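These notes concern the structure reproduced below.
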Amino acid sequence: MAAHGTGAGPRRPGPVPLGPGDGGPAVAGLLLAAGGGRRLGGRPKALLEHRGRLLVEHAADALVAGGCRPVHVVLGAGREEVRARARLAGCVLVDNPEWAEGVGSSLRAGLRSLAGSGAQAVVVALVDQPGVGPEAVRRVRGAHRSPYGLAAASYRGRRGHPVLLGAGHWARIASAASGDRGARDFLRAHREAVVPVDCGDAADPSDIDVPADLRLLRPPPPSNAPTSAGL
């Protein structure tokens, strides 16, 4: 779903807008966590462990800590095990029976589940990026200005996740999402409208696709050390 293109240089947004109940607009969080890990030997990415927790927990907590409400998590491969094992209190779990078609089907399912939520925008994150934590989410969320806004994290000039999608675009994004492309084509077609948000000092966008990428996962911290929701 990452989009690449040219335009204004990346910026860091100002203070994060308040959420519902605080007098500000609602910016939802959407975690795409349905992948089956085909190139990982069929290991669902949501069930990989990072710092002693399931990767889906780590990614969902980043959205929550980054200020997103509500947070919807799209499940697919291994969804029954995820539901049984993952601690996702407060999150809305969305089943995507068509997960094998690619991330596009998960994006469609997630946007569909947010209809009627009152959210003016959504921050979309991927479950297989353990180096993306609350600060990157907070910065991208802070770029929200209107229901027609678009923004994306920027890493040394390259756009990636998280991305912010204004609700005014959801229907067109969903209709264009297919296969493994997600919102990529839509964002590329509207590259001049996508606000790049500098996250290069706050997150590592590397993702887990093949066995060699499992090096990105970290062991549990020592029992006497505090856990971290960030990198």
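No value in this document is a laboratory result; all are computed from the given coordinates. Because the structure is predicted, anything quoted here is derived from the model rather than measured. Every residue, glycine among them, receives a Cβ derived from its backbone with ideal geometry; neighbour counts consider all protein chains shown.
Listing for the model above:
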{"read-out": "Options His169, His161: the member that is in a helix (DSSP H, G or I), under 21 Å from Ala28 (Cβ atoms) and within 19 Å of the chain's Cα centre (by Cα)", "value": "His169"}
{"read-out": "Filter result for Val92 (crowded, with 23+ Cβ neighbours inside 10 Å and not polar (S, T, N, Q))", "value": "no"}
{"read-out": "Close pairs from the range 159-173: first within 23 Å of Asp128 (Cα to Cα), partner assigned to a helix (DSSP H, G or I) and among the β-branched types (Val, Ile, Thr), Cβ under 8 Å, at least 6 apart", "value": "Pro162/Val137; Pro162/Val140; Val163/Val140; Leu164/Val140; Leu165/Ile173"}
{"read-out": "Close pairs (7 angstrom Cβ cut-off, 6 or more residues apart or separate chains): farther than 21 Å from Gly179 by Cα in the range 86-101, part of a loop (DSSP other than H, G, I, E, B) anywhere", "value": "Val92/Pro70"}
{"read-out": "Qualifying positions in the range 149-190 - under 25 Å from Ala100 (Cβ atoms) and aromatic (Phe, Trp, Tyr)", "value": "Trp170, Phe186"}
{"read-out": "Qualifying residue in the range 105-113 (condition: touching a residue at least 60 places away in the same chain (Cβ under 8 Å) and surrounded by fewer than 21 Cβ atoms within 10 Å (Cβ to Cβ))", "value": "yes"}
{"read-out": "Some residue of the range 122-143 being over 13 Å from Leu31 (Cα atoms), surrounded by fewer than 20 Cβ atoms within 10 Å (Cβ to Cβ), free of Cβ contacts under 8 Å to residues at least 40 places away in the same chain and not aliphatic (A, V, I, L, M)", "value": "no"}
